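Scroll down for the structure; my scribbles are underneath it.
The values are calculated or read from the model by the stated rules, or taken from the named source; none is laboratory data. Everything numeric in this text was worked out from a predicted model, so none of it was measured. Note that each Cβ is placed from the backbone with ideal geometry, even for glycine, and that neighbours are counted across all protein chains shown. For accessibility, only protein heavy atoms count, side chains too; no ligands or nucleic acids. Shrake-Rupley method; radii C 1.70, N 1.55, O 1.52, S 1.80 Å.
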Amino acid sequence: MQMSPILNSLKTILISVLALNLAVASGQAEKPVRVSEWNNVTGFDISSTEDYMVVAMRLNNRGQLFESRFDGSAWSYPTPLNAINSFGDGNSDIGGPFLYFDESILYYHANFPGGEGGYDIYYSVRENNSWSEPVPMCTRVNSPLDELHPAMPPGMLTFYFSRSNPDADIRKPPRTPDCEIFYSLTKNELGEWGEPEPLHDIINQDCQYGLYIAPDTRSIYFSSVDQDNHRDGYNIYYVRQILGAWTIPMLIENIGSEATNIYPRIAGNNIYFLIRTETRRDITGTIYRSGLPEQFSPLKTIAATGRIEHLESKQPLNTPLVVYDPITLNRLGEFFSSSQTGMYHLKLLDEANYIIDIRNPGFSFASFQIDYRQEEKITGPPLIELFNEVELDISVYDSEIFRPLDADVHALNLNENKMIEAIAHEPGSFTLRLPVGNNYRINAATGGFESDSFDFDLFGDIIFSRFERDIALEPRKRMFEVAITDNETSLPVNAQVTFKNLNREEVISVNTFSQPVPDDAAGAVAQASPRQDDISFIPFRNPSNPLRFALIIGNEDYSSYQVGLQREANVDYAIRDAELFRKYAINVFGVPEENILFLTNARSIEMQLEIRKLAGIINALDGNAEVFFYYAGHGLPDHNTRDPYIIPVDVTGSNLDFAVKLSDLYGQLTKYPANRVTVFLDACFSGGARNVGLVSARAVRVRPREDMLSGNLVVFSASSEAQIAHPFREKQHGIFTYFALNKIKETKGNITYREFSDYLRQTVAIRSIMVNNAEQTPQTNVSPTIEEAWHEWIFN
């Protein structure tokens, strides 16, 4: 961006004034003092509190890293950083340590095997008070050249390093370190590093070595050989960035000497540096400290700290904190809270204000301001709590009468294609717990109503942890027309017609006289749209019981397995019945889904194997098993013995050798002790069927002999004696299965076996006559072993 001439002039004046101030600054500085007795140091860095130091020392002809702590009077004996020193082949040369401002990351250079070539930049992270193994910097930094002396200022948006320049045409004393060229690269908003660029020629003008960036991100200290006084060797210089431009480098004279002065480090009000001496036989390096003259001090920064944790678990969170300029909204830095403690540390310039945004993928958004412009400083909050789930409270109700509805409410995660079930509290009240960072489709459905859905977006900046939504479901209706005529004259009659729903409190009254009667009408027409019902929808789910198992068989398509058999011999809706019973077994009876054996259009061998498998499970549970057996399909009696069989799809009605004899089935189910065995048979054994039988009908009583039943066994059968088990075509189910499951749904399984048996006998008998104009009376057979104890059994 081009600067205006006025702004450019102002910038030049400011830089010149600062340089002049630095040049004429006076004052006595203390004489440098030796920090420790170590004399083989090649590089180091020190914490801002001046009590922790990472030191590079040359041992066994290679550089290694050590740490030392200051106890108030002396530095401790250096301890090797083994995770770094032993990395690779354990013989690498390591140096150039740089501590991130909060001491959470240690940067350094090394010639580890497997790198990009020569020396590369690496870093280690502090974990449980120790440093991790080395991690290489990106290939934007590391190259086949030698990358040295890394420096990362607070905020991690700019990275500094140097590359060796041994062939530079520069005058310098012999046996001094090779010259270097300083580079920097910046990170974009996607977190990607750009290409390295050399620093301005005002810095890279002579022979430079070992750049250090202060926590203010504006002040750089480095060593350089002044070409006009090259015999003085390396001395330490200071530059500052103002309005994006660097000042003229200024020599820090109070620590200048003819020795090789390198590795400047700023801590507190002091400058630490390394005096290196190299002879033909030996190289020594010793750390010194001196007071830093005020004119060379970095700009004042203020630390802001706090903790970020999970709202519910209170566990610490590793979370990015991005700092913005509140006016330009430019990014000024990115910081991170500790994964071990949740603590964050911000180092920001005084006399400015900032916006800090917290965006952690999968968590809520938070933001706060820091204002250091006034005497009373405003820092960040001491505790920030983030959540990774929101609660979506949903009310489901009838759109016409506003009555709360039991419903199946779930959320489909559109990003991961996963389903999340809602928690039901009371009729019409549900809660979904949804992970942040996804898009969802919320759906509500219940029997007799059209389902409805809406999209719910939890991407972006989520601030609130709780939301409320309403879903109004439209009742599913069916149009009826009734023609009213005079019984004697057959003329239309105006009348009031009442439609009464037998399954719920719903009454519709229609007056035919409110509508004109056409001349050709068969009668006065009454129209109404009463509500439909649907047993395939189960708006609840009872707790599962790991001791409950089920074998469910739906044999529908016999014609595909038997030559010459017409399609009319198939058992309509048998598979649909079996699939629905499976759903009820899971949701109402509490059978775990993995405990269900399920067969459709089962052949003889398949049925025999699954029955034996179920018997083996009963045996393994030592009398604790609770078993459900359901069969929908053909049943037949033996021509001679009149014993009833259930028929696999590959068994003909004229040869029952491979059919499943009911007495054998019951024997397998009660061969071993079980807590309870419940059998449902939606089949008749008269030779008839829902459409036509496999053979001509012949009357056989379905009632089993008493010696067929033993153990804790109850059998609910669809019909008795010579009756046929009929379909309920309007509902596309067997009429026995339909009303059995409808009652189980209505009671949520909280009905005794005796009440259930009485309901089936009466309801199915009546509805079969009304729907099919045929008798069908279910019957219940019970093992003598349990006498009347079965009366109090319940399904859930």
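Points to keep in mind about this one:
- Under the Karplus curve 6.51 cos²θ - 1.76 cosθ + 1.60, θ = phi - 60°, whole-Hz ³J(HN,Hα) for the range 293-302, x wherever Gly or Pro sits: x, 4, 5, 9, 6, x, 5, 5, 10, 10
- Set of lysines with alpha-carbon distance to Lys347 below 18 Å, sequence-local pairs under 8 removed: Lys300, Lys377
- A protection proxy built from the mean count of other Cβ atoms within 10 Å ranks the segments 729-735, 633-639, most packed first, as 633-639, 729-735.
- Calculated P(r) tail over 23 Å for the range 203-300, as whole % of Cα pairs: 22
- Per residue, the chain exposes 48 Å² of accessible surface when a 1.4 Å probe is rolled over the protein heavy atoms with every protein chain present.
- Cα gyration tensor shape of the range 31-296, rounded if a/c is under 1.5, else prolate or oblate by comparing a/b with b/c: rounded
- Cα gyration tensor shape for the range 347-426, rounded if a/c is under 1.5, else prolate or oblate: prolate
- Take the Cβ atoms of Glu334 and Asn796, set R0 to 45 Å, and the FRET efficiency comes out at 0.25.
- Pairs of Cα atoms farther than 39 Å apart, the chain, %: 60
- Judged by a Cβ-Cβ distance under 4.7 Å, the unpaired cysteines of the chain are Cys138, Cys684.
- Cross-link partners of Lys314 among aspartates and glutamates (Cα-Cα below 15 Å; sequence separation of 8 or more within a chain): Glu385, Glu389
- Helix-derived mean residue ellipticity, 222 nm - over the chain, DSSP H n ≥ 4, -39500 (n - 2.57), to 500: -4000 deg cm²/dmol
- The share of accessible area on the range 389-475 that comes from carbon and sulfur is 47 percent, using a 1.4 angstrom probe.
- Proximal lysines to Lys731, defined as alpha-carbon separation beneath 26 angstrom and excluding residues fewer than eight positions away on the same chain: Lys477, Lys500, Lys583, Lys743, Lys745, Lys748
- Rounded if a/c under 1.5, otherwise prolate or oblate - the range 301-386, Cα gyration tensor axes: prolate
- In range of the label at Ile327: residues from the range 373-400 whose backbone nitrogen is under 14 Å from the point 7 Å along Cα→Cβ: 373
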